[in-house]
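Okay, so here's the structure we're looking at.
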């Protein structure tokens, strides 16, 4: 499937003058599954948002009672009809899904997941791949592949980078449903609020971030994920270099001056 063939109805986008881009998975009849078409749309949209200076923060939400049910298993099963029993198709879909998750992580704009329902398998992976997550009290999470003989190996990548090993392994090995309160305890989500307060909470969080220098935020997000993959000495060496460059940026000079002079900084994102 090419970008020209994508179904733009699967993903709704709304951007306000505040720099907040709200993306909504819009395939509730298929439980907002990560079908090939949905993955294409997500990939194209995150590429565009990454390069759009008017976008400062992204909120990722969903229509219906299921945030995302993961891969479209009916679509995946149809791929078994190929002569290779689906090997090439499975490889393509999983590569595309992994690419989308990495686009979220490498996107210079912070991404906030807003969950008001169930997030399972690759849907849980989607939540874990976002920088922040706000959930309603009815939200639930699980990686249930073990129940159907298919270990959630790709969701494991995101989970293992968010949770302590034993918490991640418990989810992966049992496939049990985790309520929102427990998800907050183990670090999968940042906040849990009543459903009626969910959008206001995520918008408030997004506005708080959008008010910062986007250059500083992008620098920090990139550095956060880069240093996590390094050993301690390498991480400090890398982070020191990043901070030197950050100190030389116009916004850092302005921000420090504004702090000293007790005034509001004038960010120019440079």
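Values in this text are rule-based calculations from the coordinates and carry no lab data. Here the structure is a predicted model, which is why all the values come from computation and not from measurement. Please note: Cβ atoms are built from the backbone with ideal geometry, for glycine as well, and neighbour counts cover all protein chains shown.
In region 205-241, whose amide N lies under 18 Å from the spot 7 Å out along Cα-to-Cβ of residue 191? List them in ranges.
205-212
By per-residue mean of other Cβ atoms within 10 Å, what is the highest-first order of 109-118, 250-259?
109-118, 250-259
With everything on Cα atoms, drop me the angle between helix 232-247 and the longest principal axis of the chain, reported from 0 to 90° to the nearest 10.
Once rounded, one gets 50 degrees.
How are the alpha carbon pair distances in region 54-137 distributed across 10 Å bins from zero to the largest one, expressed in percent?
It works out to 17, 41, 28, 12, 2, in whole percents.
How far, in degrees from 0 to 90, does helix 165-174 lean away from the longest principal axis of the Cα atoms of the chain, to the nearest 10?
With rounding to tens, the tilt is 20 degrees.
Counting only DSSP beta bridges with both residues in the chain, what percent are antiparallel, rounded to the nearest 5?
Around 25 percent antiparallel, to the nearest 5.
Could you tell me what fraction of 2.2 N^0.38 Å the Cα radius of gyration of region 91-156 comes to, as a two-decimal ratio?
1.16
Which order do the peptides 233-240, 36-43 come out in when sorted by mean C-beta neighbours inside 10 angstrom, highest first?
For the peptides 233-240, 36-43, the packing ranking is 36-43, 233-240.
Please compute the modelled spin-label separation between residue 269 and residue 165, points set 7 Å along Cα→Cβ, answer in nm with one decimal.
4.2 nm
Give the whole-number value, in cubic angstrom per residue, of the convex hull volume spanned by the C-alpha atoms of region 134-193.
So the per-residue Cα hull volume is 68 Å³.
Regarding region 3-210, what's the average projected area of the Cα-atom convex hull, expressed in nm²? Intermediate values should be presented prior to the final figure.
Numbers: hull surface 44.8 nm².
Mean projected area for region 3-210: 11.2 nm², to one decimal.
Taking the Cα atoms only, what angle lies between the long axis of helix 198-210 and the longest principal axis of the chain, rounded to 10 degrees?
Tilt relative to the chain: about 40 degrees.
How long is region 214-260 along each principal axis, judged by its Cα atoms, biggest number first, in Å?
Principal axes ranked by extent give 35, 18, 14 Å for the Cα atoms.
Give the dimensionless ratio obtained when the Cα radius of gyration of region 115-270 is divided by 2.2 N^0.38 Å.
That works out to 1.27 for region 115-270.
Once both labels are modelled 7 Å past Cα along the beta-carbon direction, what's the residue 232-residue 30 spacing in nm?
4.8 nm
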